[in-house]
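> The structure follows.
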Amino acid sequence: MNQLYLGDCLNVLRDYIKDETVDLIYIDPPFNSKRNYNIFFDDKEIHTQRVAFEDTWSYKNVGDSLLELQTVKNEPLHTLLNAYKLVAPQVFPYLVMMTLRILELHRVLKPTGSFYLHCDPTASHYLKTICDAIFNVRNVRNEIIWSYKKWAVSQKMFSRNHDVILFYSKNINEQKFNILLQERAESTLKRFGKKKIVSAIDKSGKRVPSQTLNEESEGVKMGDVWDVPIIAPVSRERLGYPTQKPRALLERIIQASSNEGDLILDGFCGCGTTLDAAEYLKRKWIGIDISPIAIALMKRRLQDSYKTDLSKFTIRGVPEDKESAIKLWEQNPFAFQDWWIMEFEVFSSTFGKKGADQGIDGLGMYLIPTIEEPIKAAFQVKGGKVQSKDIDALLGAMVKHKCELGVFLTIQSPTKPMLETIANSGYYSAAGFNYPHLQILTLEEFFNRKVLHLPKVNITFKSAQTAAKNINQSHFPTF
């Protein structure tokens, strides 16, 4: 069964993935950009944002990794990293973090498997040397250039219009690879059309003019410079997740280095493009991400895209009962808040600094039949002691941000005055539908599967494009 894991890929790989069990690995890790990537929710009256993932690495946040790296038995790798510590200290913590994870990815890859590491030009030259030391230079297959067009930035330099994808085999003698074809160059098509071309050399070693056969050519072998457009801002494929890659790019990688039924793994799977492409091409998959936002988005994307055709999958790493949820709250209240909010597929929001209680922790958007404008539901999460002023704060925030509905999520049981306030709050009515203006749900009730009374059509996350599974795998698309 396919698996989706919430957690650091280093821990997930060590705890759950056995040696040499994966056919193809693709990762698109943070690029050490020294900034946080936010996912935005825009509305006429409200603008919220949430950190989707942090891309800032320092000696402080990789301290444990530095100690752990000393136990790795790879002298060339140690020598390389020590050199970077001296000549490129700004990137050294990031390389330490990536090294430990690439070592684990190498471990779980089959001898026939392939590894693709997606990075931008600011990190590719460092990461290539790390991969050379782990995979061995004889297993370097390609440095693929993903070329795309975007708006130019006014700087004293050429526009940066490409990413780098490093391609390695686990064992060059056993590697699995399917040759992909692409269209001929326009100049070749103009001269020879689509007929097969035969080239030859005469006895003196000189090349003779090329001849054509009556058979049509299927195309030419695909090169390592790929012109695949980025996702347009108005595209139905765009989900609003930072760094989202086009599915066509991942389909090409999966078709080249795996077959139907093979297992694909993405250790930094973000909004799930790799999993989407793997599902479409009838591969098995494992997705790992540390962000609850990413997990919720992937779940919705796959369900919207494939509906009843979606292969069964499980989500691991999230609380499975009241006790594990409380443990998460005790360890990290903000992670608990994100998890519970995302269980309702609504947007986990922050207003100002973390810890500032503004009455709303999450925001959902819903459609009611025959009503054109969506309605908003405000969510508030409480882990500790609750009292009437918490409900009052939620009501005030609902008025301020023009939310028609409110949901109060709590670990503790509500007080009698809180229940009275909720009972007296009335209903929101539209088009013959009635919804409680305020609702409350305890953690125990949540795990007992009590259901909130909300509109059925949740449009908080943009729905992924519906896709029928690919039937004819013998046809490789050209770009």
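Bear in mind these aren't lab numbers, they're just calculated from the coordinates by the rules spelled out. None of the values given here were measured: they were computed from a predicted structure. So basically every Cβ, Gly included, is an ideal-geometry build from the backbone, and we count neighbours across all protein chains shown.
> Compare the peptides 272-285, 325-338 by average per-residue count of other Cβ atoms within 10 angstrom and give them in order, highest first.
272-285, 325-338
> Considering only DSSP states other than H, G, I, E and B, which chymotrypsin sites (Phe, Trp or Tyr not before Pro) in segment 404-455 qualify as loop sites with at most 16 other Cβ atoms within 10 Å? Could you put the intermediate results ahead of the total?
Details: sites: Phe408, Tyr427, Tyr428, Phe433, Phe446, Phe447; in loops: none.
Hits after loop and neighbour filter: nothing returned.
> If you don't mind, another one. So, R0 is 22 Å and r is the distance between the beta-carbons of Glu186 and Ala152; what FRET efficiency does that work out to, to 0.05? The partial results should precede the final answer.
On the way: r = 25 Å, r/R0 = 1.13.
So, using R0 = 22 Å, E works out to roughly 0.35.
> List Glu237, Glu251 from most exposed to least, where exposure is judged by having the fewest other Cβ atoms within 10 Å.
Ordered by Cβ neighbours within 10 Å, fewest first: Glu237, Glu251.
> Label points 7 Å out from Cα along the Cβ direction at Asn259 and Leu419: separation in nm?
That separation, rounded to one decimal, is 6.3 nm.
> Please report the orientation-averaged projected area of segment 322-458, defined via the convex hull of its C-alpha atoms, in nm².
Mean shadow area of the hull around the Cα atoms is 8.1 nm².
> Under the Karplus relation 6.51 cos²θ - 1.76 cosθ + 1.60, θ = phi - 60°, what is the ordered set of whole-Hz ³J(HN,Hα) values for segment 392-397, x standing for Gly and Pro?
My calculation for segment 392-397 gives 4, 5, 5, 4, x, 5 Hz in order.
> Follow-up. May I ask you to sort His78, His453 by Cβ crowding, counting other Cβ atoms within 10 Å and putting the fewest first? Write out the running numbers ahead of the final one.
Values: His78 15, His453 12.
Sorted ascending by nearby Cβ count, the order is His453, His78.
> Add +1 for every Lys or Arg and -1 for every Asp or Glu among the other residues with Cβ under 13 Å from the Cβ of Leu6, and state the total.
Here the charged neighbours net out to -4.
> What's the FRET efficiency of Asp224 with Ala335 using the Cβ-Cβ distance as r and R₀ = 41 Å, to the nearest 0.05?
0.50
> Rank these for me by crowding, Met98, Met1, going from fewest to most other beta carbons within 10 Å.
Going from sparsest to densest Cβ surroundings: Met1, Met98.
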